[in-house]
Amino acid sequence: AAGIVIVGAGQAGVMTAEALRSGGYEGSITMLGDEPHGPYHRPPLSKAWMAGEIAAAQLVMRAPEMLARKNITLRTGVTVKAIDRSTQTLILGDGSTLPYAGLVLATGSTPRALPLPGSDAPGVLALRTRDDASTIADRLAACIEQERPVVVIGGGFIGLEVAATARKKGLAVTVLEAAPRLLGRVLAPVLSDWYAELHRGHGVQLMLGAQVAAIETGADGAVSGVKLADGSVVPAGLVVVGIGVSANDQLAQAAGLACDRGIVVDACGRTSDSSIVAAGDCTARRLADGSLLRLESVQNATEQGKSAAAALLGQERPFTATPWFWSDQYDKKLQMAGLSMGADGWAVRGDMAAGTFTVYHFKGEQLIAADSVNASKDHLLVRKLLDAGVSPTREQAGDVGFDLASLLV
Ligand code: FAD
């Protein structure tokens, strides 16, 4: 009999497969991934792995034996080309078919391409996969040898992490960000400024409000620099493009599932087809107020995976916990909790100059999010406050003498 098939062998795919087993599902589980590798951790690709601080073996999320022990069949190097919902069958890259009783879409996201002339030149690279990371690492090594600079286009998390890693390796680095501040969509202005200073302090040349016009290439056809709108050229032996991702919802769209910049799911990971669930970066979650939320994080992939598994087993397990995320740059660990959009007031607790502090986001009188730098205790506590719907006042949040944990009793 047809069992459950999971498309995508990443964070969400693995979490769904394991939650199906721990939820008591005894039928067959087949996980299909188009990459040549088994499941691995993406976050270290721009951090510890690229910096040479961990070995490739530490990227492995689940070894094949571990999946086999749970009777989860992993097939790597397999691309799903289409979903035939009328017969509940998948069409694979080699033309073969695979029936499903339940289907999980965990297809992730794809880096947005730079819409500029020259952006397909060798040495202009995006970072999503292990193979991308290896290509970038090789190019970084070549830049060190040839004393050539690195340019990062896009001051988002991945771009800034790569910039920090490249600086650690001693490379000259320029970050070009189109917006007037770093991470403007998520961070409070005061924290954007702090991150700008952090990078400048580590020797990064940071250009805010930068208008990139074209990629310049050398005699060998490879990248030689980035041309700005004012005609100036920033030289580069490597350009890393980190300008955001788009959800991989093409399969779902072609099959007629509801999609809106992501596969539309409810809090339980259900799509518009009752035998298909979706989890992770490929989704857009419908919130209670009708709006759609796209999150690209390990926690989101993990929690939606668990919810999606439960939904396939006929159980309600909505994902409603406070969203959280982290980013490592230099010796600073940023931990974010909650959703900061719509914030209209902030409070800072701790010492920004010393680099150990938390910025609390308020909407009116209500705490909605907090970003902690090297302050894990603050981060864990604020997740509890947000989960409980308990808000300190702005004065309490900013007062290190006030015990925020006392609000939880
Ligand atoms: P993925 O992990 O992308 O897995 C999807 C898989 O499906 C991919 O292997 C894809 O190739 C495959 N696939 C797609 N279409 C098909 C198809 N048709 N057939 C077969 N296979 C298919 N998050 C954090 O919370 N903290 C961090 O610090 C952090 N750092 C990051 C650093 C980097 C460099 C990157 C790239 C991401 C980072 N993230 C971080 C984000 C996090 O890794 C993602 O949110 C998470 O991996 C999403 O999991 P997923 O399973 O939805 O997608």
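Taken together, the values in this text are just the output of simple stated rules run on the coordinates, not laboratory data. Since we're looking at a predicted model, the values are computed, not measured. Neighbour counts run over all protein chains shown; Cβ positions are idealised from the backbone, glycine included.
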Worksheet item: Which distance in Å, rounded to a whole number, links the C-alpha centroids of the stretch 1-67 and the stretch 133-198?
Response: 28 Å
Practice prompt. At 0.36 nm per residue, minus the direct Cα-Cα distance, what do HIS37 and GLN253 gain on full extension? Give it in nm, one decimal, please.
Written response: 75.1 nm
Worksheet, complete the sentence: Note on the stretch 331-408: the mean projected area of its alpha-carbon convex hull, in nm², is 4.7 nm²
Practice prompt. Do me a favour and compute the ellipsoid semi-axes for the stretch 253-347 from its Cα gyration tensor, root of five times each eigenvalue, largest one first, whole Å.
Written response: 27, 15, 13
Practice prompt. Would you mind finding the longest exposed-site-free stretch of the chain, with exposed GluC sites (Glu not before Pro) meaning DSSP loop and at most 12 other Cβ atoms within 10 Å?
Written response: 148-315
Worksheet entry | Geometric extent, Cα atoms of the chain - Rg, Dmax (angstrom) | 22.3, 68
Worksheet item: In what order do HIS379, HIS202 fall by count of nearby beta-carbon atoms within 10 Å, going from fewest to most?
Response: HIS202, HIS379
Fill in: Fully extended contour minus Cα-Cα distance, from SER291 to SER274, at 0.36 nm per residue
4.0 nm
Item to complete: Calculate, for ALA179 and ALA1, the FRET efficiency according to 1/(1 + (r/R0)^6) with r their C-beta to C-beta distance and R0 51 Å; round to the nearest 0.05.
Response: 0.45
Item to complete: Work out, step by step, the length gained on full extension between ALA57 and THR97: first 0.36 nm times the residue separation, then minus their alpha carbon distance; give nm to one decimal.
Response: 11.1 nm
Response to the item:
Among beta bridges assigned by DSSP with both residues in the chain, the antiparallel ones amount in percent, to the nearest 5, to 60 percent
Worksheet item: If you place +1 on the Cβ of every Lys and Arg and -1 on the Cβ of every Asp and Glu, how big does the dipole about the Cα centre of the chain come out, in debye to the nearest 20?
Response: 440 debye
Worksheet item: How high is the FRET efficiency from ASP260 to LYS333, r the C-beta distance, R0 30 Å, rounded to 0.05?
Response: 0.35
Fill in: Cα pair count fraction exceeding 17 Å, expressed as % - the stretch 125-207
45 percent
Response to the item:
Mean-square fluctuation maximum in Gaussian network of the chain, Cα pairs under 10 Å, restricted to GLY154, GLY13, GLY342, hits GLY342
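Grab the DSSP H runs of the chain that are 4 residues or longer, score each as -39,500 (n - 2.57), total them, divide by all residues and round the 222 nm result to the nearest 500 deg cm²/dmol.
Working: 9 runs with 98 residues, N = 409.
Calculated at 222 nm, the ellipticity per residue is -7000 deg cm²/dmol.
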Discussion item. Let me check against my output: what whole-number percent is the relative contact order of the chain, with C-alpha pairs under 8 Å and at least 6 apart?
Written reply: 14 percent
Fill in: Förster radius 51 Å - calculated FRET efficiency between LEU228 and GLU365, Cβ distance, rounded to 0.05
0.70
